[in-house]
Amino acid sequence: MRKPFYGWIIVGVSFLIGFTESGVFQNILSIFMKPMVDEFGWTRASVTGAIAVGSVCGGLLSLVVGPILDRHGPRMVSFWGILILSLGLGALTFVDSLWQFYLFFSIGRMVAVGVLSLAISVSVANWFIRYRGRAMGITRVGDRLGSALLPLMVQFLILALGWRLAWGTLGIVVFLISGIPALIFLRHRPEDMGLLPDGAPPLPDGPGTGDGLKKEDRGEAFGTDTEPLWTRTQATRTGAFWMLTLISSLIPFQQAGINFHLYPFLTDQGFSETTSVLILSTVAVTGMVGAPVWGALTERFRIQHLMAANVVGNGLLFLALYWTILSKVDGPLGIGIIFLLASLHGIFHGGRNPMLPVIWADFFGRRSLGSIYSLANPFYFAANALGPIFAGLCFDLLGSYAFPFYFFVVVFFLTGIVTLRMRPPQYPSTVPER
């Protein structure tokens, strides 16, 4: 009886890493923001600055980590990253000044986005080609689940123990859930274990094997790797790389800005803290549905068309959600509509998480994904940092989230237009395939 493909264990461990990585996501910090602002007198923009510092540093760190992942694999890189992330979260228990908050949170954020997020994408892409979309989609359910459950846990801990002990507990949870599994189970590539991507059987030897099939068809039939091996230099000379980099910058700009400021926006509009957290959790829970669904669709439809439909549809859904919240419709009907729109927003929002790494891997191959994908990370995480800061500054200056939220909707539509114009790169014919 054939053993289950080990790649699905890689997916499971990556799922757990994604779950704990969400401990430094915007929606987690947004719950800590009000009690910390009330205690220290900080502004909302100053708190969001910690995300900016950690994101930018993480993007720069990924430039170094990417080639290391391609060369040595994710096991030890992920374990030490999880340990440092946990220590950074635990140290926030002792924060007494803004610079300390920036230091400890930025360290955790830097490791999460510059090491763990990249390690997840590279790990799964290395083990799958044909089933890459569904594997990446299942993996990305992890950070959606973390975004759903960790805010509830954090809100409970803040109310019961205060925000300081809540940070410390979060650090312990992060390490216990993913640190040990990463150390024990993560492996680099299926070839290291005598396997092939997707669990396919090896190409048979002998005359007549695969007669009548083209090279690429024989590779797909018997599971050999037909993806070309790109170098960083080759990738950066293609228009597809820069179009993908632009898309990878526009998406986190609006996504992070909305994620971070949706909770304070809801409470500003009169929703209770518990209801606001439940709405955030609804977005995260339905994102768990969206990730595998949209991921599986990438195996059936052209991914550029899927991405365009996703971002344009999400822009319309968020606009409807924003207007509904502002309308302050009373009663169960109004709350029900808000939760319905939050659910649809989550399905579309969660669907983008697997699509980005899949499209990078499809365009430039799995064996050099860490090196090439990491080149876009400084732009990705700089935009990820600017989105919350932009919205926070607009709120501090204008006293409202109207302008930044409408601006984010425009960014949704712009991303859709750019995505439709993107084409896969042509591998340089002068360089022999390996």
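I'd like to check one number: the per residue accessible area of segment 376-429, probe 1.4 Å, reported in Å² as a whole number.
48
May I ask which residue of Leu16, Pro74, Phe101 lies farthest towards the positive end of the charge dipole of the chain, with charges of +1 (Lys, Arg) and -1 (Asp, Glu) on Cβ and the Cα centre as origin?
Pro74
Taking 51 Å as R0, compute the FRET efficiency from the Cβ-Cβ separation of Tyr427 and Gln100 and round it to 0.05.
The value I calculate is 0.55.
How would Cys57, Cys394 rank on accessible area, largest to smallest, probe 1.4 Å?
Cys57, Cys394
Suppose the chain between Leu161 and Tyr6 were pulled fully straight at 0.36 nm per residue; how much longer would it get relative to their current alpha carbon spacing?
Between Leu161 and Tyr6, full extension yields 51.7 nm more.
Once every DSSP H run of n ≥ 4 in the chain is given -39500 (n - 2.57) and the sum is divided by its residues, what mean residue ellipticity at 222 nm do you get, rounded to the nearest 500 deg cm²/dmol?
Value at 222 nm, helices only, nearest 500: -26500 deg cm²/dmol.
Counting only protein chains, not ligands or nucleic acids, how are Thr20, Thr231 ordered by accessible area (probe 1.4 Å), most first?
Thr231, Thr20
When the solvent-accessible surface of protein heavy atoms is calculated with a 1.4 angstrom probe, in what order do Trp42, Trp167, Trp242 fall, highest first?
The residues order as Trp242, Trp42, Trp167, largest area first.
Run the 1.4 Å probe and let me know the accessible area of Asp330, rounded to the nearest 10 Å².
130
With every protein chain left in place and a probe of 1.4 Å, what is the accessible surface of Glu21, to the nearest 10 Å²?
Near enough 10 Å² of accessible area.
Quick one: accessible surface of Val65, probe radius 1.4 Å, all protein chains present, in square angstrom to the nearest 10.
Its accessible surface works out to 10 Å², give or take rounding.
Let me check I've understood the local charge: for Gly290, count other residues with C-beta under 10 angstrom from its C-beta, Lys and Arg +1, Asp and Glu -1. What total comes out?
Combined, the nearby Lys, Arg, Asp and Glu give +3.
Between 0 and 90 degrees, rounded to the nearest ten: what's the tilt of helix 117-127 against the longest Cα principal axis of the chain?
Approximately 30 degrees, to the nearest 10.
Can you tell me the equivalent ellipsoid semi-axes for the chain? Use √(5λ) from the Cα gyration tensor, largest first, whole Å.
37, 24, 20
So, R0 is 30 Å and r is the distance between the beta-carbons of Val329 and Glu39; what FRET efficiency does that work out to, to 0.05?
Computed FRET efficiency for Val329 and Glu39 comes out at 0.30.
Using only the alpha-carbon atoms, how far is helix 7-21 inclined from the longest principal axis of the chain? Give it as 0 to 90 degrees, nearest 10.
Rounded to the nearest ten degrees, it is 20.
Any idea what the relative contact order of the chain is, in percent, if you count C-alpha pairs under 8 Å spaced at least 6 apart?
So the answer I get is 28 percent.
Given a 1.4 Å probe and every protein chain left where it sits, what share in percent of the accessible area of the chain is carbon and sulfur?
About 68 percent, which is the carbon plus sulfur part of the accessible surface.
If one computes the Cα centroid of segment 301-321 and of segment 246-272, what distance in Å separates the two points?
So the two Cα centres are separated by 17 Å.
The values are calculated or read from the model by the stated rules, or taken from the named source; none is laboratory data. On a predicted model such as this, the values are computed, not experimentally measured, just so you know. Note that we place each Cβ from the backbone using ideal geometry, even for glycine, and neighbour counts take in every protein chain shown. Ligands, DNA and RNA are stripped out before the accessible areas are found, and what is left, the full protein with its side chains, is counted by its heavy atoms. Shrake-Rupley method; radii C 1.70, N 1.55, O 1.52, S 1.80 Å.
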